[in-house]
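K.L.:
The structure's right below; bear with me while I get my questions together.
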Amino acid sequence: FSNEIITAYILFCIIMSIVGIILGYGLLKSKEIARKMTIAVSSFELILTIIIMRLSISDLKQYCYSGARVLIENGKMNIESGKLAIEIDRVANSMFQSSIVISFLIPMVITIAVIIYLTRPMVKEQFK
C-alpha cells in the first residue's frame, strides 16, 4: 500500500474513533439521535468491512503463505523435505483462517449485535 492510502486509513480510524466516543456519550445520555446515528455508523462499518474483506482476501492469503514459508525455512518448524509444500500449505491455511476470523468475522458479529440490540422495541422505548 502507498503512504497516502495508509495515511488516509489512519485519519479515517481517528475520525471514526472520535465519532464513536461522541455517539457513546449520547447513548449513555439516552439520546435518540445517538441511537439512530450509531445504527447508521454501524451499518456503514459493516458494509465497509465486507468491501475491505473482498478486496484484501488475496493479499492476505499471499501474506500468510509468505509467513508460513519463512517460519518453515528459518527452522522454526522441523519438516521432512518431501513434505515441505504440504506443510507450507497447511500452516498458511491455518494462518489465513485465523486472520479472517480475527480481522473480519469477529468485528462483523459485534457490529451486527449492536445493530440488532439498538433496533429492539424495548431499547427504542428507552431512548424516547
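K.L.:
Which numbered condition in (1) at pLDDT below 85; (2) open to solvent by 60 Å² or more (accessible area, probe 1.4 Å); (3) part of a helix (DSSP H, G or I) is the only one that residue 72 fails?
P.N.:
Result: residue 72 passes all but (2).
K.L.:
Only one of these is farther than 29 Å from residue 117 by Cα, at pLDDT below 70 and assigned to a helix (DSSP H, G or I): 67, 82. Name it.
P.N.:
82
K.L.:
Another question, then. Only one of 127, 96, 104 is crowded, with 16+ Cβ neighbours inside 10 Å and over 25 Å from residue 55 (Cα atoms). Can you tell me which?
P.N.:
None of the other options fit; the residue is 127.
K.L.:
Now, a different point. Within region 25-36, can one find any residue that is surrounded by fewer than 10 Cβ atoms within 10 Å (Cβ to Cβ) and at pLDDT 70 or above?
P.N.:
Yes: one or more hits.
The values are calculated or read from the model by the stated rules, or taken from the named source; none is laboratory data. Small disclaimer: the values here were computed from a predicted structure and weren't measured. Methodologically, a virtual Cβ is constructed for each residue, glycine included, from the backbone with ideal geometry; neighbour enumeration extends over all protein chains shown. Accessible surface is based on the protein model in full, side chains and every heavy atom, while ligands, DNA and RNA are left aside. Shrake-Rupley method; radii C 1.70, N 1.55, O 1.52, S 1.80 Å.
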